[in-house]
1. When you look at A:Tyr41, is it at the interface with chain B (Cβ under 10 Å from one of its Cβ atoms) and either surrounded by fewer than 10 Cβ atoms within 10 Å (Cβ to Cβ) or more than 27 Å from B:Trp152 (Cα to Cα) (or both), yes or no?
2. Hey, among B:Glu137, B:Glu242, B:Glu153, B:Glu214, which residue is at pLDDT 95 or above, open to solvent by 30 Å² or more (accessible area, probe 1.4 Å), more than 26 Å from A:Thr65 (Cβ to Cβ) and out of contact with any Pro (no Cβ under 6 Å at 6 or more places or on another chain)?
3. Any chance you could count how many residues in segment A:66-93 are at the interface with chain B (Cβ under 7 Å from one of its Cβ atoms) and acidic (Asp, Glu)?
4. Answer yes or no as to whether B:Trp174 is more than 30 Å from the chain's Cα centre (by Cα), open to solvent by 70 Å² or more (accessible area, probe 1.4 Å) and at pLDDT 95 or above.
5. For segment A:34-75, what are the residues that are touching a Ser or Thr at 6+ places or on another chain (Cβ under 9 Å) and either hydrophobic (A, V, I, L, M, F, W, C) or outside any loop (DSSP other than H, G, I, E, B) (or both)?
6. When you look at A:Leu59, is it free of Cβ contacts under 8 Å to residues at least 12 places away in the same chain, of a type outside the set (Gly, Ala, Ser), open to solvent by less than 100 Å² (accessible area, probe 1.4 Å) and within 14 Å of chain B (Cβ to nearest Cβ), yes or no?
7. Looking at the structure I just gave you, is B:Val144 open to solvent by 20 Å² or more (accessible area, probe 1.4 Å), within 11 Å of chain A (Cβ to nearest Cβ), within 27 Å of A:Phe79 (Cβ to Cβ) and touching a residue at least 24 places away in the same chain (Cβ under 8 Å)?
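The values are calculated or read from the model by the stated rules, or taken from the named source; none is laboratory data. Being a predicted model, the structure only gives us computed values, none of them experimental. Neighbour counts are summed over all protein chains in view; Cβ atoms, including those assigned to glycine, are modelled from backbone coordinates with ideal geometry. Ligands, DNA and RNA are excluded from the accessible area calculation, which covers all protein heavy atoms including side chains. Shrake-Rupley method; radii C 1.70, N 1.55, O 1.52, S 1.80 Å.
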Amino acid sequence: MQPTRILQGMRYRKMPLTTKDMNKGFYKGNRTGNVGRHTKYGGFTVEWAKVRTYVCPSLEGFTLTPFVNTEKKPVWGAFKGDTKGPRNPETYLARWKSENGFD
Amino acid sequence: MATPGALRPSMGAALQICRASSTRGIIAPTRTVTSRAAARPAFCPSAQAASLSTTPALLRRHKYIGARVTRDNNKKRGESVLRRTGTRWRLSMSDEPLPQPVKPEELPPIETDPDHGLWQFFQNRNSIANPPLKDAEHGRAWTVEELRYKSWEDLHKLWWVCVKEQNRIATAMWERQNRQLGYGDAESDTRRKTVKATQKAIKHVLTERFYAWEDAVELAKSDPEIDLSGDGPAFTPKEYLEEEVPGLGSGEEVAREEVKANGSDVATSSTPDSSTLLSATSSEQKTAPTI
């Protein structure tokens, strides 16, 4: 393929490559991700474990909305004194022991 | 004479009749001599009685040799679907009464299902998109601090509520642009940004929880109370739980915890004993901030 006249000269060389550039052998994906593998005969086998599925739970009786009342001001300082804060593993473990320790 | 034309035709016409009759004789060679003699017309020098009429010859159109074709080569000249001229010639069904289309005003109303899922793409059933003032009537986004209290189920559902709201906003923006309904994109944009901020906060909380879990698993490997091998209970506390004393760990501590709005008190819960276990559980069960 050849670029249009406006890109002739050095301008085209400075632009990032697209899937249409280069000779055969150059592959550039489009951020869709890998969902399988190519077969040696030129085909493609889909690996269903790699295919993404979207699970939407039942929203029956769910009252929360994406918004919070502006009158309710956000409260800060829940992890005061704790340098690790919400990612403290000790806190997590202690909570687990109290809530989930005994099945 | 009174009628010269009819009774005394021209020599040209007489010659034509002779020519016509002679060809007829050649075409039917199987005729007998007598019948051939009978076929010759009267005007030929040696003709017998036959058709004396000269009208066919006279009526025949005189064709000039080499004249061009003057017929209309277009059999469908003048026929137009757009102008509804109809056909030039009568067709076999021309006399049959054809059904006429119903006028759009007289058509029956289209039945729609009020519970159809596609209604969820619209903010308002009566108008396609909300007016800008109505669109701007929304609160602020959830903060990460507030979402940390929420369970996985709640966060999962809230995520999909946000996705649906984004779909609604996107539909409204698209319709507004397509039908040129007017202003409203700025308010829709602000609303969408708020929804996105909530979604970002949800992802933040879940990621944080996952990292904390990973670190906790690592820590649990070195904890003597916890057994991760899989045989036997995972957690065996070295201190037994003390008998619950009424008034301790139920009323006072819960009230204090709620005022602080604290998810987990670090100073008290580092070593789990009975009072902190109870206080920890009661603090977990407090209600989340309402919208």
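1. Numbers: at the interface with chain B (Cβ under 10 Å from one of its Cβ atoms): no; either surrounded by fewer than 10 Cβ atoms within 10 Å (Cβ to Cβ) or more than 27 Å from B:Trp152 (Cα to Cα) (or both): yes.
Criteria not met by A:Tyr41.
2. B:Glu214
3. Counting residues in segment A:66-93 that are at the interface with chain B (Cβ under 7 Å from one of its Cβ atoms) and acidic (Asp, Glu) gives 2.
4. Numbers: more than 30 Å from the chain's Cα centre (by Cα): no; open to solvent by 70 Å² or more (accessible area, probe 1.4 Å): yes; at pLDDT 95 or above: yes.
Taking the combined requirement at face value, the residue does not satisfy it.
5. Within segment A:34-75, A:Gly36, A:Arg37, A:His38, A:Thr45, A:Phe67, A:Val68, A:Val75 qualify.
6. So A:Leu59 passes the test.
7. Numbers: open to solvent by 20 Å² or more (accessible area, probe 1.4 Å): yes; within 11 Å of chain A (Cβ to nearest Cβ): yes; within 27 Å of A:Phe79 (Cβ to Cβ): yes; touching a residue at least 24 places away in the same chain (Cβ under 8 Å): yes.
Yes, satisfied.
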